[in-house]
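S.K.: Would you mind keeping the following structure in view while I ask a few things?
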Amino acid sequence: RVNLYARAAPPAPRAVRTADGGLVRALHAEPDCAALLAAVARDTVDLLTDPAARGALRQCEGDNCAIVYLDMSRGRRRRWCSSEVCGNRERVARHRRRAAALARA
């Protein structure tokens, strides 16, 4: 299915001058759904066919989180899809376990 979607033409970029004379990238026209799917599908093909990138795919270690992310951290030791959400939940749970253990002692 990814290959099927990747065959469509992706949104066409173009260079546009800004008021100060610089160049920025913009889309030639408002993309339709097929063009957006094509862009995502082509990125997916690039990711899945690149062994180094594919090796950086990780599944979040958060409880009940099924998100798969690309670990681009310096040491390639990232554990959660989001440190602010899943990581924070894990740190709070760890704190509560320690506090409960101290309360029982």
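Here's the yes/no breakdown for (1) at pLDDT 90 or above; (2) over 12 Å from the mean Cα position of the chain (by Cα); (3) open to solvent by 100 Å² or more (accessible area, probe 1.4 Å); (4) within 30 Å of ASN3 (Cα to Cα):
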{"residue": "ALA52", "(1), (2), (3), (4)": "yes, yes, no, yes"}
{"residue": "GLY62", "(1), (2), (3), (4)": "no, yes, no, no"}
{"residue": "ILE67", "(1), (2), (3), (4)": "yes, no, no, yes"}
{"residue": "LEU70", "(1), (2), (3), (4)": "yes, no, no, yes"}
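S.K.: Further question on the same structure: Residues ALA29, ALA34: which one is of a type in the set (Gly, Ala, Ser), outside any strand (DSSP E or B), open to solvent by less than 90 Å² (accessible area, probe 1.4 Å) and closer than 25 Å to LEU70 by Cα? Walk me through it before giving the result.
M.R.: Numbers: ALA29 fails: closer than 25 Å to LEU70 by Cα.
On inspection, the qualifying residue turns out to be ALA34.
S.K.: Follow-up question, since we're still on this one. Only one of ARG94, ARG98, ARG14 is open to solvent by 70 Å² or more (accessible area, probe 1.4 Å), part of a helix (DSSP H, G or I) and at pLDDT 90 or above. Can you tell me which? Walk me through it before giving the result.
M.R.: Values: ARG94 fails: at pLDDT 90 or above; ARG14 fails: part of a helix (DSSP H, G or I).
None of the others qualify; the one that does is ARG98.
S.K.: Within segment 73-80, is there a residue that is modelled with pLDDT of 90 or more, under 30 Å from ARG14 (Cα atoms) and among the aromatic types (Phe, Trp, Tyr)?
M.R.: no
S.K.: Checking ALA41 against (1) surrounded by fewer than 10 Cβ atoms within 10 Å (Cβ to Cβ); (2) modelled with pLDDT of 95 or more: exactly one of these is not met. Which one?
M.R.: All conditions are met except number (1).
S.K.: How many residues are open to solvent by less than 60 Å² (accessible area, probe 1.4 Å) and among the charged types (D, E, K, R) if we restrict to segment 72-91? Don't jump to the end; show me each part of the working.
M.R.: Step one: filter segment 72-91 for residues open to solvent by less than 60 Å² (accessible area, probe 1.4 Å), giving 73, 75, 80-83, 86-87, 90.
Now restrict to residues that are among the charged types (D, E, K, R): 90.
Count: 1.
The values are calculated or read from the model by the stated rules, or taken from the named source; none is laboratory data. Quick caveat: nothing in here was measured; it's all calculated off a predicted structure. Counting neighbours? That spans all protein chains shown, and the Cβs are built from the backbone with ideal geometry, glycine included. Accessible surface areas use protein heavy atoms only, side chains included; no ligands, DNA or RNA. Shrake-Rupley method; radii C 1.70, N 1.55, O 1.52, S 1.80 Å.
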